[in-house]
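Visitor: One structure coming up, written as structure tokens, with questions to follow.
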Ligand code: BG6
């Protein structure tokens, strides 16, 4: 279904995110018929260039990052007719009038500004929009991460934005919420009777959330070194996954109903014991740089890997451990949430306890899908031999070729902005609550002067991360690719 006509201004329109994600995403939505003729995409940045030069840049970016669909040059040229460019100095006064001129005032037209710039510019842009009369009560702004560096800065940022925009106008992006499987998680939980009755501490032994990456931090070391895996990944992406796994069923699939439930989860999170946190930093394996080389900081104590165990203090989850881990330069790019159910209370087959054969595995990437491990009898003669098999719900297999054309997280989220649907965006209080949980953990290791444990690039992280879970009689699941 096509969305309403819109003017979407991308501040940072020549930047990396715009070229890699936003513009190719918009093109794909255009090609699939979701963007109406009345849609305008307006790149805005400091450099001086005309529409034609910007369109050349966009054509190239889509060619590079738009996948096979970018080969459809007819559609691409048609899309480019909807693209304009205005040079705007976010910090100064130049360009705003020109921007005002290209924006339309038509009735029913959606106006949105995407702040695809460093967080240092968010407040100034918000103010600039107001000062130059570019925003009204219907205007939407889209804000990228990182949303603050800690609770104090996030709060300050929320206050700045609130001076110019109402919460219902602010779309804080966490692109993990736009991933297909993440939404499927909600469908599986709340669209079926099968899982929800078992979805609690009585039946669930523990939950693992893994986001493993093979990339290093080269190229963005100066940002990353001040951030680390805790701020870069756990405070936002892993936290959002944890919320969706752990939250109570909302009464409706509506923005505030969903976000209220997520907020309750974050607020119920226990502080984490220092001995339940393992931080790591990759070293060179001879073929790639070490973290410290990538970060250009030979004494850096920033973590490129983190594993931790936390608990949610509420009726549903009391005493159920949630193990979280994420890191750079690991052996595979693989992200998975695993809900590991308890063993049957009594084994009539005389099998040892601790097998944990019922695992619901939710794979975010690659090879999106879900499997549910069940125990069955091994076919054939030879008595009652049991074997664990996966019930496979790999979407592409079950739903045919269309399911393979999964939209990228960004394209889905941008369309939600135009539709005015905030369900998959973080509310200000959620972000603050996440920082309120994160800050003391970071302060703790900083105060103690802890150094991260070295791990080899291409490995599965520091040995201590395995120990963190093994000492509880459990183990990390090998992440399927
Ligand atoms: C970003 C982080 O938010 O997410 C990056 O800043 C990380 O460090 C990226 O690599 C991971 O996203 P995805 O979609 O590739 O899993």
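The values are calculated or read from the model by the stated rules, or taken from the named source; none is laboratory data. This one's a predicted model, so the numbers in the text were calculated from it and none came from an experiment. FYI the Cβ positions are ideal-geometry reconstructions off the backbone, even for glycines, and counts take in every protein chain you see.
Visitor: Pick out, from region 41-132, the helices (runs of 4 or more DSSP H) lying fully within it that include 1 or more residues that are touching a residue at least 60 places away in the same chain (Cβ under 8 Å) and touching a strand residue (DSSP E or B) at 6+ places or on another chain (Cβ under 9 Å).
Guide: Fully inside region 41-132 and qualifying: 96-102, 122-131.
Visitor: Taking the options 23, 8, 17, name whichever one is crowded, with 23+ Cβ neighbours inside 10 Å, over 17 Å from residue 140 (Cα atoms) and under 24 Å from the mean Cα position of the chain (by Cα).
Guide: 23
Visitor: Also: Does any residue in region 210-238 that is touching a residue at least 60 places away in the same chain (Cβ under 8 Å) and under 22 Å from residue 450 (Cβ atoms) come within less than 6 Å, Cβ to Cβ, of a residue that is near the ligand (Cβ under 8 Å from one of its atoms) and assigned to a helix (DSSP H, G or I) six or more places away or on a different chain, and which pairs are these?
Guide: 217/224
Visitor: When you scan region 266-277, do you find a residue that is buried (at least 22 other Cβ atoms within 10 Å of the Cβ) and assigned to a helix (DSSP H, G or I), even just one?
Guide: So far as region 266-277 goes, yes, one or more of its residues are buried (at least 22 other Cβ atoms within 10 Å of the Cβ) and assigned to a helix (DSSP H, G or I).
Visitor: Let me spell it out: the conditions are (1) under 16 Å from the mean Cα position of the chain (by Cα); (2) within 11 Å of the ligand (Cβ to nearest atom), and residue 172 meets all of them except one. Which number is the exception?
Guide: (2)
Visitor: Select, from 185, 177, 151, the only residue that is within 16 Å of the ligand (Cβ to nearest atom), surrounded by fewer than 21 Cβ atoms within 10 Å (Cβ to Cβ) and closer than 30 Å to residue 304 by Cβ.
Guide: 185
Visitor: Scan region 346-396 residue by residue and report those that are closer than 23 Å to residue 322 by Cβ and out of contact with any strand residue (DSSP E or B) (no Cβ under 8 Å at 6 or more places or on another chain).
Guide: 353, 354, 368
Visitor: Give me a count of the residues in region 207-219 that are outside any strand (DSSP E or B) and buried (at least 23 other Cβ atoms within 10 Å of the Cβ).
Guide: 1
Visitor: For the list (1) outside any helix (DSSP H, G or I); (2) over 29 Å from residue 149 (Cβ atoms), I need the number of the one condition that residue 422 fails.
Guide: Evaluating residue 422 over (1) outside any helix (DSSP H, G or I); (2) over 29 Å from residue 149 (Cβ atoms) leaves (2) as the failure.
Visitor: Looking only at region 135-148, which residues are modelled with pLDDT under 95, away from the ligand (no atom under 16 Å from the Cβ) and touching a helix residue (DSSP H, G or I) at 6+ places or on another chain (Cβ under 9 Å)?
Guide: Listed by number, the residues that qualify are 135, 137, 138.
Visitor: Ok, one more. I'm checking my understanding of the structure. Among residues of region 225-238 that are near the ligand (Cβ under 10 Å from one of its atoms) and not in a loop (DSSP other than H, G, I, E, B), which one is nearest to residue 443 (Cα to Cα)?
Guide: 231
Visitor: Here are 201, 222: which of them is surrounded by fewer than 19 Cβ atoms within 10 Å (Cβ to Cβ) and within 16 Å of the ligand (Cβ to nearest atom)?
Guide: None of the others qualify; the one that does is 222.
Visitor: Which residue pairs have Cβ atoms closer than 7 Å, lie 6 or more positions apart in sequence or on different chains, and pair a first residue in region 176-196 that is under 12 Å from residue 370 (Cα atoms) and touching a residue at least 12 places away in the same chain (Cβ under 8 Å) with a second residue that is within 16 Å of the ligand (Cβ to nearest atom) and assigned to a helix (DSSP H, G or I)?
Guide: Sorted first by the residue in region 176-196, then by its partner, the pairs are 182/176; 182/241; 182/244; 185/244.
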